[in-house]
Amino acid sequence: MKLLAIILAFGLFQYVNKPMFLRSFDWLHDLQQSLKKWIENQYALIVTVVILPLLILSILMTHLFNFADNSIGYLLVHVAVLYYCLGPATIFEMIQKGQTKQHLGINEEEAPAEVVYKLTDAALHRWFAIFFWYVVFNVYGALAYRLLCHISQSEKSEVIKVKLQSVMKVIEFPVTIVMTLSLALASDFDQIWKHCKQYLTTETITGLNSQYMYKSMDFAVEQCEIEENDENKSQIIELTTYKVLKRMLVVWLVFSALMVIFSIG
């Protein structure tokens, strides 16, 4: 059922234009501002802001949406939560409108590798980490990750932002491992592994440095060739990266299926 929820939510996300009110996190900022009156410690405030929506979701799932695990109602609720967590916008929509560099904060003079890194990072935040933590901790994992991700990106205090980024690094590290495996299986496993292992050192692993994934992704994109119309040649890096990411997603769904099977077992 989880795998079906992932497929339906992603299909909905890709082909149905997400309304602006479902992309907005204004309610989260309003909640944070309201709680500031009672909670002065910034770290306690962030924890409360994340836990409170999860608590509300838990109450709703327990009392209002208390459907049987294999029911249509259960599936629809999970699809709805995942659909909300994905995004906020699709990567293809961003590329199609020629807004990749603008949205991801990439300067025109930056190397193509930076485009690959930023698009891979966007896919990590918008797709892969949400699916990973959904499989591990159900809808609560998906929502918790989305809230933490948004808060870490929108936090204005540099000190708190650095702390949040350290937390995100811990949360995202297991996701990058599975992403790299997906990349290897979706392309040339032997070549990706040879390229990847040169960045796998004791220092990078203990430091939770995901450089191995980004470097391997850049290598895979460089080796991948796609035919595009002349009008799309200016976005060849973006389109090739997106193609590789889609291949990874197919393999990722197989991983998700195996994780679900083993969790049941």
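The values are calculated or read from the model by the stated rules, or taken from the named source; none is laboratory data. The model shown is predicted, which means the values in this text are computed figures rather than measured ones. Reconstructed Cβ throughout: ideal geometry from the backbone, glycine too, with neighbour counts over all protein chains shown. With ligands, DNA and RNA removed, areas are computed over all heavy atoms of the protein, side chains included. Shrake-Rupley method; radii C 1.70, N 1.55, O 1.52, S 1.80 Å.
Could you list, in sequence order, all residues of segment 149-186 that are among the charged types (D, E, K, R), surrounded by fewer than 17 Cβ atoms within 10 Å (Cβ to Cβ) and touching a Leu at 6+ places or on another chain (Cβ under 8 Å)?
Kept after step one, since they are among the charged types (D, E, K, R), are these residues of segment 149-186: 155-156, 158, 161, 163, 169, 172.
From what is left, the residues that are surrounded by fewer than 17 Cβ atoms within 10 Å (Cβ to Cβ) are 156, 158, 161, 163, 169.
Matches in segment 149-186: 169 only.
Can you tell me which of 26, 69 is under 16 Å from residue 138 (Cα atoms) and among the acidic types (Asp, Glu)? Don't jump to the end; show me each part of the working.
Working: 26 fails: under 16 Å from residue 138 (Cα atoms).
Checking each option against the conditions leaves just 69.
Conditions tested, residue by residue: (1) farther than 22 Å from residue 22 by Cβ; (2) open to solvent by 10 Å² or more (accessible area, probe 1.4 Å).
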{"residue": "84", "(1), (2)": "no, yes"}
{"residue": "87", "(1), (2)": "no, no"}
{"residue": "93", "(1), (2)": "no, yes"}
{"residue": "96", "(1), (2)": "no, yes"}
{"residue": "104", "(1), (2)": "no, yes"}
{"residue": "107", "(1), (2)": "yes, yes"}
{"residue": "112", "(1), (2)": "yes, yes"}
{"residue": "119", "(1), (2)": "yes, no"}
{"residue": "123", "(1), (2)": "no, no"}
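Among the residues of segment 61-76, is there at least one that is open to solvent by less than 60 Å² (accessible area, probe 1.4 Å) and more than 19 Å from residue 5 (Cβ to Cβ)?
Narrowing segment 61-76 to residues open to solvent by less than 60 Å² (accessible area, probe 1.4 Å): 61, 71, 73-75.
When the remaining residues are screened for being more than 19 Å from residue 5 (Cβ to Cβ), the result is none.
No, segment 61-76 has no match at all.
Under 6 Å by Cβ, and 6 or more places apart or on different chains, what pairs join a residue from segment 169-182 that is farther than 16 Å from residue 146 by Cα with one that is surrounded by 21 or more Cβ atoms within 10 Å (Cβ to Cβ)?
Going by the 6 Å Cβ cut-off, the qualifying pairs are 176/210; 176/213; 179/128; 179/213; 180/213; 180/216; 182/248; 182/252.
Hey, can you tell me all the residues within segment 1-28 that are within 20 Å of residue 161 (Cβ to Cβ) and open to solvent by 70 Å² or more (accessible area, probe 1.4 Å)? I'd like the intermediate steps shown before the answer.
Taking segment 1-28 as the starting set, the residues that turn out to be within 20 Å of residue 161 (Cβ to Cβ) are 25-26, 28.
Passing the criteria: only 26.
Using the structure shown, decide if residue 194 is basic (Lys, Arg), closer than 29 Å to residue 51 by Cβ and in a helix (DSSP H, G or I).
On the way: basic (Lys, Arg): yes; closer than 29 Å to residue 51 by Cβ: no; in a helix (DSSP H, G or I): yes.
Criteria not met by residue 194.
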